[in-house]
Amino acid sequence: MEIRDHAKRAEAEQRTIVINQGVLSKNDLLARENRALFKSKRLLTMNIVSSPGSGKTAFIERTLTDIKGRLRGGVVVGDLATDNDAKRIARSGSPAIQITTGDTCHLDAEMVAEATAKLDLNALDLLIIENVGNLVCPSGYDLGEDLRVVMLSTTEGEDKPLKYPTMFKTADVVILNKMDIAEVVGVDRETALSNIHRLTPQAIVFEVSARTGLGMEAWYQFIEQRLAAAR
């Protein structure tokens, strides 16, 4: 009995691996198509990921509002159930397309392709993809972006990168948000930065406050430099 049960478990695990590999292979193919399209439109594309409540939407809204007149931005917004974030971002005057994922805890390349087809990419310089609030599921899905931006807020604790190493290891940029309240919440800034650099030494780190604007200008200059380099 135990041998048969073990064999059944092994067979089920093998089927799961094969299915997962098939899904990711299809996603990677579509991501390459997305990337080629975005490159042909001379876009800088970033995939912003974080846990819920990190301030991701406020950060995007502030970015698009402040760079108006410097760059033309558009957003694809992923959320499980509502279009609240897309409505907030639309207040910046930038076009925003909502993807409601239902029970799916991440965006994939096919979702992004369908959403961006509703945007006038020729009228944009910057395409921001706001992923679903989750630091696990999105880590394995390439969307065709140029930059993967991982956000961590000071309210989440210094050890968040250690708890979600896969996501942070894949980051090109890490945003440490809510620095205006770092002292109030008692975050150890040096420990947080040390944990980030230990897991993702290649990433550029920005310490910002989307609420007050602290550190945001350096972020905008970085976007402009990367866009110029990409073009």
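Each value in this text was obtained by applying a stated rule to the coordinates, not by laboratory testing. Remember, predicted model here, so these are calculated numbers, not experimental data. We place every Cβ from the backbone using ideal geometry, glycine too, and count neighbours over all the protein chains shown.
Can you tell me which of (1) under 30 Å from E114 (Cβ atoms); (2) crowded, with 24+ Cβ neighbours inside 10 Å is the one D142 doesn't meet?
The one condition D142 does not meet is (2).
For region 200-223, how many residues are of a type in the set (A, V, I, L, M) and over 17 Å from the mean Cα position of the chain (by Cα)? Full working, then the answer.
Kept after step one, since they are of a type in the set (A, V, I, L, M), are these residues of region 200-223: 203-205, 208, 210, 214, 216, 218, 223.
If we keep only those that are over 17 Å from the mean Cα position of the chain (by Cα) as well, we get 214, 216, 218.
Final tally of qualifying residues: 3.
For region 208-221, does any single residue satisfy the condition of being under 21 Å from R62 (Cα atoms), of a type in the set (A, V, I, L, M, F, W, C), touching a residue at least 60 places away in the same chain (Cβ under 8 Å) and in a helix (DSSP H, G or I)? Don't jump to the end; show me each part of the working.
Start the filter on region 208-221 by keeping residues that are under 21 Å from R62 (Cα atoms), which leaves 208-221.
With of a type in the set (A, V, I, L, M, F, W, C) added as a condition, the list becomes 208, 210, 214, 216, 218-219.
So of that shortlist, the ones also touching a residue at least 60 places away in the same chain (Cβ under 8 Å) come out as 208, 210, 216, 219.
Still in the running and in a helix (DSSP H, G or I): 216, 219.
Yes, because at least one residue in region 208-221 is under 21 Å from R62 (Cα atoms), of a type in the set (A, V, I, L, M, F, W, C), touching a residue at least 60 places away in the same chain (Cβ under 8 Å) and in a helix (DSSP H, G or I).
Picking from V187, V132, which residue would you name as being part of a loop (DSSP other than H, G, I, E, B), touching a residue at least 12 places away in the same chain (Cβ under 8 Å), touching a His at 6+ places or on another chain (Cβ under 9 Å) and not polar (S, T, N, Q)?
On inspection, the qualifying residue turns out to be V132.
Please go through region 73-89 and pick out each residue that is surrounded by fewer than 18 Cβ atoms within 10 Å (Cβ to Cβ) and either without any contact (Cβ under 8 Å) to a residue 12 or more places away in the chain or touching a helix residue (DSSP H, G or I) at 6+ places or on another chain (Cβ under 7 Å) (or both). Explain how you work it out, then say what you get.
Within region 73-89, the first condition is being surrounded by fewer than 18 Cβ atoms within 10 Å (Cβ to Cβ), and the residues that meet it are 80-84, 87-88.
The answer is N84, K87, R88.
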